[in-house]
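A short worksheet on the structure shown next.
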Amino acid sequence: MTIGSRIMEDVFFESGNARLHGALRRAAPGAPAVVILHPHPQFGGNMNNNVVLGLEQECADAGFTTLRFNFRGTGRSTGVFDNGAGEQDDVRAAIALIADTEPGAPVIVAGYSFGAAVGLPVASNNARVAAMAGIAPPTVMADFSFLADCEKPLLVIAGDSDSFCEHARLAMLLTRENHRFRLLQGVDHFYIGEELRAGRIVCDFIRDAVVENSGCGGS
């Protein structure tokens, strides 16, 4: 099923004093529900980013529910950029929204770049999150050492030409049996032309980590 055949809902939800705008695409009840987090808003990142849309498309084709949204101060979301602290609150609000909207569905948090920097720490400590994925985690701007202690199913995707992501350091952190690391050859931080490939890798991870273990699935 293509993304165009799914109905997209504009959604607005609260995060502290900010009112956030997002796009929700629903799949069958109980299907995995994926919160997709966009790159740095002060460098042009928003919920219409190429990697975000590529992941949304692949998730829709896989029969997963998706929620992408703009962090505070971006697009139609109110508020102002908060250097990551407020944006982590935004992630918590998005997790709560999709968990309440899709009761019983396993929730997955998938962040790209800045989205991984603010989303993975929240997801690792949120009881409502079943699994998490980071695409191009920017090790030059954030400390990801906490991933070594993450007990949840975890996927990290990195490009070997990404100057913002020290892939060797990340690979050394992912030592648990339910951790996965994928290194993409010839890929830089922006994933131009590689969006759908990254999305398919995330969807395969979700199937292995969540769908097969829980018996839930998409349409």
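For the chain, which DSSP H helices look membrane-span-like by this rule: Cα extent along the axis of 20 Å or more and mean Kyte-Doolittle of at least -0.5?
85-101
Looking at the chain only, what percent of DSSP beta bridges run antiparallel? Nearest 5 please.
Around 30 percent antiparallel, to the nearest 5.
How high is the relative contact order of the stretch 100-207? Use alpha-carbon pairs under 8 Å, at least six apart in sequence, and give a whole percent.
22 percent
Under 1.5 on a/c is rounded, so check that first for the stretch 165-210, then, if it is not, pick prolate when a/b is larger than b/c and oblate when it is not; a ≥ b ≥ c are the square roots of the alpha carbon gyration tensor eigenvalues.
Oblate is the answer for the stretch 165-210, as a/c is 1.5 or above yet b/c matches or exceeds a/b.
Once you have the Cα-Cα distance between residue 125 and residue 181, take 0.36 nm times their residue separation minus that, and quote the gain in nm to one decimal.
Working it through step by step, the gained length comes to 18.1 nm.
Of 192, 36, 206, which has the largest mean-square fluctuation in a 10 Å C-alpha GNM of the chain?
192
Using the Karplus curve 6.51 cos²θ - 1.76 cosθ + 1.60 with θ = phi - 60°, what ³J(HN,Hα) values do you get for each residue of the stretch 151-158, in whole Hz, with x for Gly and Pro?
8, 7, x, 9, 10, 10, 10, 9
With θ taken as phi - 60° and the coefficients 6.51, -1.76 and 1.60, list the Karplus ³J(HN,Hα) couplings across the stretch 37-43 in order, rounded to whole Hz; mark glycine and proline as x.
Calculated HN-Hα couplings, in order: 10, 8, x, 4, x, 7, 10 Hz.
Roughly how big is the chain's charge dipole about its Cα centre, with Cβ charges of +1 (Lys, Arg) and -1 (Asp, Glu), in debye to the nearest 20?
Dipole magnitude for the chain comes out near 280 debye.
Note down the relative contact order for the chain as a percent, whole number, built from C-alpha pairs under 8 angstrom at least six residues apart.
Contact order relative to length: 22 percent.
Could you work out which residue, out of 63, 16, 134, moves most in a Gaussian network model of the chain, that is, has the largest mean-square fluctuation with Cα springs under 10 Å?
In this elastic network of the chain, the residue with the biggest mean-square fluctuation among 63, 16, 134 is 16.
Ignoring everything except DSSP H segments at least 4 long, calculate the 222 nm mean residue ellipticity for the chain; use -39,500 (n - 2.57) per segment, divide by total residues, nearest 500.
The helix contribution divided over the chain gives -8500 deg cm²/dmol.
At what distance in nm do the modelled label points of residue 76 and residue 145 sit from each other, each positioned 7 Å from its Cα along Cα→Cβ?
A separation of 4.2 nm, rounded to one decimal place.
For a quick check: with amide H placed at 1.01 Å from N, whose amide H comes under 5 Å from residue 155's, ignoring anything fewer than 5 positions away on the same chain?
132, 133, 134, 180
Since every read-out is calculated from the coordinates, none of them should be taken as a lab result. Quantities reported herein were computed from a predicted structural model and do not represent experimental measurements. Neighbour counts run over all protein chains shown; Cβ positions are idealised from the backbone, glycine included.
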